[in-house]
Amino acid sequence: MVKKLASKNNKIELGLLENSSFKALLNSKYQFSKKIVIVDENTQELCWPFLLTTFEELKEAEVIVLPTGEENKVMEVCFQVWGAFTNYQVQRNDLIINLGGGVVTDMGGFIASVFKRGVDFINIPTTLLAMVDASVGGKTGINLDVHKNQLGVFSNPELTICDASFLATLPEKEMISGKAEIIKHALINSRSFFDELTQYLEGVPNDEILAKAIQIKADIVDQDFREQGERKKLNFGHTIGHSIEGLLLHNKIEVTHGECVAWGMLVEAYISHEVATLPKNELQEIEQLIRGQYETLAINDTIFDSLIQLMKHDKKNNSDKINFTLLQKIGLAKINYQLEEDVILRALNHVFGQ
């Protein structure tokens with residue numbers, strides 16, 4: 001059974017890929033189109049063989065393999081792919097299929113959206129993080145130096161299929177990474193969902209939890225596709241998290257996006273308690289969950305100033321202050337808090353102080 005999630009901007013299906021509308025699209029709208037499948041080194045080995053043996057329509061598809069890792073989400077790799085598109089004579093009526101995690105869907109969507117001013121693409125996310133966040137919502141992008149997602153466009157896929165069977169290929173570290181975005185969706189939108197997660201956060205999330213997490217994001221995106229207001233709620237934890245991720249990766253310290261967002265949420269929860277109205281007991285609930293699920297990162301006060309400098313490049317800023325989404329309580333977020341550096345430094349010290 002495939003569940004079609006309600007969204008005016010995104011066509012999202014949750015269930016087995018072979019039961020989804022993927023095959024019908026290949027045989028109708030894209031019957032005479034070239035098919036280009038973008039994978040990374042992991043999904044080429046673990047996921048692409050399933051598609052190739054299941055869908056005869058892909059037997060002549062060209063496969064482009066991206067190097068694995070956030071550090072490769074850069075313009076130089078995009079140029080290589082666009083060169084391959086040119087060699088394959090890709091036209092605007094052809095189809096790009098992004099099969100992979102957040103890096104593949106972010107980058108593949110960007111690559112497709114700007115080539116010849118736009119080629120259709122389908123997202124088949126294979127990681128938990130990509131299913132509940134990266135592949136849903138029409139954001140595409142790549143990094144610029146240490147700054148996350150500085151280049152990109154808003155562009156919706158023709159279809160996103162979230163098939164939880166792909167999660168069996170995930171290492172535990174990637175599963176935990178994806179759970180951070182599920183926690184975030186609960187924190188900004190639903191107290192009852194947060195309570196549910198505290199009981200059922202172990203193992204692979206079931207389809208009900210996946211559907212709730214994806215639906216929260218889809219509903220917010222429907223209200224504000226281009227992130228002028230309501231959609232900024234989805235950035236809770238990311239102002240701090242992106243700066244941590246960019247700095248650690250720049251320093252060759254291996255870390256996942258979700259880990260950084262998790263600790264970013266904890267720092268921003270401290271700020272929410274100080275600046276917004278987040279009650280102390282709810283801050284403690286969040287802290288207990290994050291510290292219980294995520295290993296402490298290699299962060300200390302010697303790099304706090306560097307983190308602040310990275311935050312100043314955040315896309316949401318519109319003044320010399322740094323823009324935050326904060327929690328008024330678990331399940332209720334408010335956007336556009338403009339904060340001074342000393343407030344941020346106090347929170348960093350609370351969480352990472354030695």
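Taken together, the values in this text are just the output of simple stated rules run on the coordinates, not laboratory data. Keep in mind the model is a prediction, meaning the values are calculated, not measured. Note: ideal-geometry Cβ built from the backbone for every residue, glycine included; neighbour counts use all protein chains shown.
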Positive dipole terminus of the chain, leading residue within GLY118, VAL261, VAL351 (C-beta point charges): GLY118
Can you tell which of VAL37, VAL74, SER20 lies farthest toward the positive end of the dipole of the chain, using +1 and -1 charges on the Cβ of basic and acidic side chains (Lys, Arg; Asp, Glu)? SER20
Using modelled amide H (1.01 Å from N, peptide plane; none on Pro or chain starts), what sits under 5 Å from the amide H of LYS73, excluding residues fewer than 5 places away? none
Principal axis box of the chain, alpha-carbon based, largest edge first, Å: 58, 40, 34
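For ASN72 and LYS280, what is the calculated FRET efficiency with R₀ set at 41 Å and r taken between the beta-carbons, to the nearest 0.05? All intermediate terms of the calculation are to be shown ahead of the outcome.
Working: r = 42 Å, r/R0 = 1.02.
It comes out at approximately 0.45.
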Over the stretch 122-222, relative contact order from alpha-carbon pairs under 8 Å, at least 6 apart, %: 34 percent
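Taking the mean number of other Cβ atoms within 10 Å as a proxy for protection, how do you rank 189-200, 251-262 from highest to lowest? Show your work: numbers first, answer last.
On the way: 189-200: 15.5, 251-262: 20.5.
Result, highest mean Cβ count within 10 Å first: 251-262, 189-200.
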Using a 7 Å offset from the Cα along the Cα-to-Cβ direction at both LYS116 and LYS8, what is the distance between the two label points in nm, to one decimal? 3.2 nm
Which of rounded, prolate or oblate describes the stretch 101-250 when judged by the alpha-carbon gyration tensor and an a/c cut-off of 1.5? rounded
Which number gives the lysine pairs in the stretch 1-104 that have C-alpha atoms under 21 Å apart and are eight or more places apart or on different chains? 14
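To the nearest 20 debye, what is the magnitude of the charge dipole of the stretch 137-207 about its Cα centre, counting +1 on the Cβ of each Lys and Arg and -1 on the Cβ of each Asp and Glu? Please report the intermediate quantities before stating the final value.
On the way: 6 positive and 10 negative charges, 62 e Å.
Approximately 300 debye in magnitude.
About the Cα centre of the chain, how large is the charge dipole given +1 on each Lys and Arg Cβ and -1 on each Asp and Glu Cβ? Please answer in debye to the nearest 20. Don't skip to the end; give the middle numbers.
On the way: 35 positive and 48 negative charges, 235 e Å.
Dipole size: approximately 1120 debye.
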Over the stretch 158-313, what is the mean sequence separation of C-alpha contacts under 8 Å (at least six apart), divided by residue count, expressed as relative contact order in percent? 23 percent
Label the stretch 261-353 by shape, choosing from rounded, prolate and oblate, from the square roots a ≥ b ≥ c of the eigenvalues of the Cα gyration tensor; if a/c is under 1.5 it is rounded, and otherwise prolate applies when a/b is larger than b/c, oblate when it is not. oblate
Subtract the Cα-Cα distance of THR302 and GLN199 from 0.36 nm times their separation in residues, and report this length gain in nm to one decimal. 33.4 nm
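What percent do you get for the relative contact order of the chain when only Cα pairs under 8 Å and 6+ apart count? All intermediate terms of the calculation are to be shown ahead of the outcome.
On the way: 634 pairs, mean separation 54.0, N = 354.
In percent, rounded to a whole number, it is 15.
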Which ³J(HN,Hα) values in Hz, rounded to whole numbers, follow from the phi angles of the stretch 168-181 under the Karplus curve 6.51 cos²θ - 1.76 cosθ + 1.60, where θ = phi - 60° and Gly and Pro get x? 5, 8, 7, x, 4, 4, 6, 5, 4, 4, x, 5, 4, 6
Give the long-range amide H neighbours of GLY331: residues separated by 5 or more places, or on another chain, with amide H under 5 Å away, using H modelled in the peptide plane at 1.01 Å from N. ILE188, ASN189, SER190
Calculate, for PHE79 and ASN336, the FRET efficiency according to 1/(1 + (r/R0)^6) with r their C-beta to C-beta distance and R0 41 Å; round to the nearest 0.05. 0.70
Let me make sure I get this right: for the stretch 124-178, a, b and c are the square roots of the gyration tensor eigenvalues over alpha carbons, sorted descending. Under 1.5 in a/c it's rounded, otherwise prolate if a/b > b/c, else oblate. Which is it? oblate
Treat each spin label as a single point 7 Å out from the Cα along the C-beta direction, and report the GLU287 to TYR88 distance in nm. 5.1 nm
